[in-house]
Amino acid sequence: MESIKELFRIGFGPSSSHTMGPQKAAFLFNEKNPSAYKFRVTLYGSLAATGKGHFTDEIIIKTLLPKETEIIWKPMIFLPFHPNGLEFEALDEKEEVMGNWRVYSVGGGKITDEMENIFPLSSPYSFKTMNELLKWCDVEGRTFWEYVELSEGKEIWNFLAEIWEAMKESISNGLENEGVLPGTLKLARKASIYNVRAKNMQTVLGQMGIVFSFALAVSEENASGNKVVTAPTCGSSGVIPAVLYYLQEQNNFSDKKVLNALATAGVIGNFIKTNASISGAEVGCQGEIGAACSMAAAAANQLLGGTPAQIEYAAEMGLEHHLGLTCDPIDGYVQIPCIERNAVAAARAMECASYALLSDGKHRIPFDTVVATMNRTGKDLQSQYRETSTGGLAVEWVKLLGL
């Protein structure tokens, strides 16, 4: 498995796969072709289908400035390697091709090509499955975050400290910012008002409202193209910060304990990324929101005193109860249903953590089995339910408008 530094990335929304990945690819191609007169970029499959709503064209054009860039959209053509394909062409003054590069944005801001050799990465982790890790924890008497430290080295804590500060900043900014989100939906921000109302409720509903407001804050920042942390994606970036920030405020947990929980969330996300996918274009929203809920549930369970078996149980439930979740963003924006899903998934993560904590950690369906099931389910989903906006809510929305 890759370092969790490849999982948690600080960047700008609204999409890790449709914004951050293409931006990185454009930057690299520009560096390799400094003498190009202009560029032509072809977007394929899911990347083309929802690229407008994800600002894919805007970020590519901006990155390749001051040179002119032509964008070609081919949403009906799905390249075999991955649904999020794009091809760069460097053109001379006669518009003849000087160089080209076919690249894929595979989720979480990561890019690769068919050779998978863009960024040679070391694999610091010995285990590829949860089962292996649980056996190690049992034999060594250790827990998940200790495995991360032993695998990544103590310098991982400096990295996670930076990630945590960025997460808290996105919550703070999201609670302050108000107004309407960019795009055709004219969706109003809700985080601030949810937070104010929730603070005035001396009930369980009020506490849950605080969690909602934190998740909404980050998700609305993401939808505005502002800075967030992929956790594991931009579209699911609100879940983990909301859960961890709420628990820290309520229980006065130190930053060190929160960073330990983030490390645990990271290794959970890595298992999902390695053995399935975190790309909505590849497996639907279960790979994004489902993964985020799983990661947050595990982190919360650990913070609340869970054993390795209970942490695994919480992670398993967080993913299991999102199986089959489709990715059908209205108009291609990471807004409806994406923003609400972050809030609901944060609440579900808290519930999964609590449920597992009350148990002895024993259960019938292992985490690894659920990951395999999620991957298979995602592949079985029809393409219109995998981030193309050609099915589900996206279609029903058009019918509702009478278009």
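Annotations for the structure displayed:
- Restraint check, 38/94; 154/257; 135/273; 128/273; 168/256, Cα-Cα greater than 18 Å: 135/273
- Over the stretch 79-202, the alpha carbon radius of gyration divided by the compact-protein estimate 2.2 N^0.38 Å works out to 1.67.
- Point-to-point label distance, residue 372-residue 140, nm (Cα→Cβ direction, 7 Å offset): 2.5
- Scattering profile of the stretch 268-368 at q = 0.14 Å⁻¹ [log10 I(q)/I(0), Debye over alpha-carbon scatterers]: -0.49
- Surrounding net charge for residue 376, when Lys and Arg each add one and Asp and Glu each subtract one, Cβ distance under 15 Å: -2
- Two-site FRET efficiency, residue 132 against residue 102, from Cβ-Cβ distance with R₀ of 25 Å, rounded to 0.05: 0.10
- Dmax and Rg, reported as Rg then Dmax, of the stretch 1-83 (C-alpha, Å): 13.5, 40
- The stretch 97-244 - accessible surface per residue (Å², probe 1.4 Å): 45
- Looking at the chain, the DSSP beta bridges with both ends there are about 70 percent antiparallel.
- Estimated at 0.36 nm per residue, the fully extended path between residue 197 and residue 364 surpasses their Cα-Cα distance by 56.1 nm.
- Mean separation of Cα contacts under 8 Å, 6 or more apart, over the residue count of the stretch 306-382: relative contact order %: 55
- Residues of the stretch 90-107 with amide N under 12 Å of the 7 Å Cα→Cβ point at residue 65: none
- Lysines with Cα under 17 Å of residue 52, excluding same-chain neighbours fewer than 8 positions away: 62, 74, 186
- Using alpha carbons only, the radius of gyration of the stretch 315-403 set against its Kirkwood radius gives Rg/Rh = 1.07.
- Hull-based mean projected area of the stretch 194-330, where the convex hull spans the alpha carbons, in square nanometres: 8.8
- Hydrophobic, long helices, defined as DSSP H runs whose alpha-carbon span along the helix axis is 27 Å or greater and whose mean Kyte-Doolittle value is at least 1.0, occur in the chain at 204-223.
- Between the listed residues 393, 205, 285, the Cα displaced farthest toward the positive end of the dipole of the chain, a dipole computed from Cβ unit charges relative to the Cα centre, is found at 205.
- Label-point separation in nm, residue 340 to residue 180, each point 7 Å along Cα→Cβ: 2.0
- √(5λ) per eigenvalue of the Cα gyration tensor, the chain, largest first, Å: 34, 25, 20
- Positive dipole terminus of the stretch 77-162, leading residue within 100, 150, 137 (C-beta point charges): 137
- Between residue 400 and residue 162, residue separation times 0.36 nm minus the direct Cα-Cα distance comes to 81.3 nm.
- Using C-alpha pairs under 8 Å with a sequence gap of at least 6, the mean separation divided by the residue count of the chain gives a relative contact order of 19 percent.
- Modelled this way, with points 7 Å down the Cα-to-C-beta line, the labels at residue 123 and residue 227 are 3.4 nm from one another.
- Near residue 332: Cβ cut-off under 14 Å, other residues only, Lys/Arg at +1 and Asp/Glu at -1. The net charge is -3.
- GNM on the chain, alpha-carbon springs under 10 angstrom: the most fluctuating residue among 287, 306, 108 is 306.
- Accessible-area composition of the chain, carbon plus sulfur, in percent [1.4 Å probe]: 52
- Point-charge dipole on Cβ atoms (K/R +1, D/E -1) for the stretch 165-265, about Cα centre, debye to 20: 200
- If only the Cβ of Lys and Arg carry +1 and only the Cβ of Asp and Glu carry -1, the dipole of the chain around its Cα centre is close to 640 debye.
- Size-normalised alpha-carbon gyration radius of the stretch 338-389, reference 2.2 N^0.38 Å: 1.49
- Most mobile listed residue (220, 140, 165) in the chain, GNM with C-alpha springs under 10 Å: 140
- The stretch 126-254 pair-distance distribution - Cα-Cα, 5 Å bins, rounded %: 2, 10, 16, 17, 16, 13, 10, 7, 6, 2, 0, 0
The values are calculated or read from the model by the stated rules, or taken from the named source; none is laboratory data. The structure presented is a predicted model; accordingly, all values stated were derived computationally and were not measured. Backbone-built Cβ (ideal geometry, glycine too); neighbour counts: all protein chains shown. Protein only, heavy atoms only, side chains kept; ligands, DNA and RNA dropped before computing areas. Shrake-Rupley method; radii C 1.70, N 1.55, O 1.52, S 1.80 Å.
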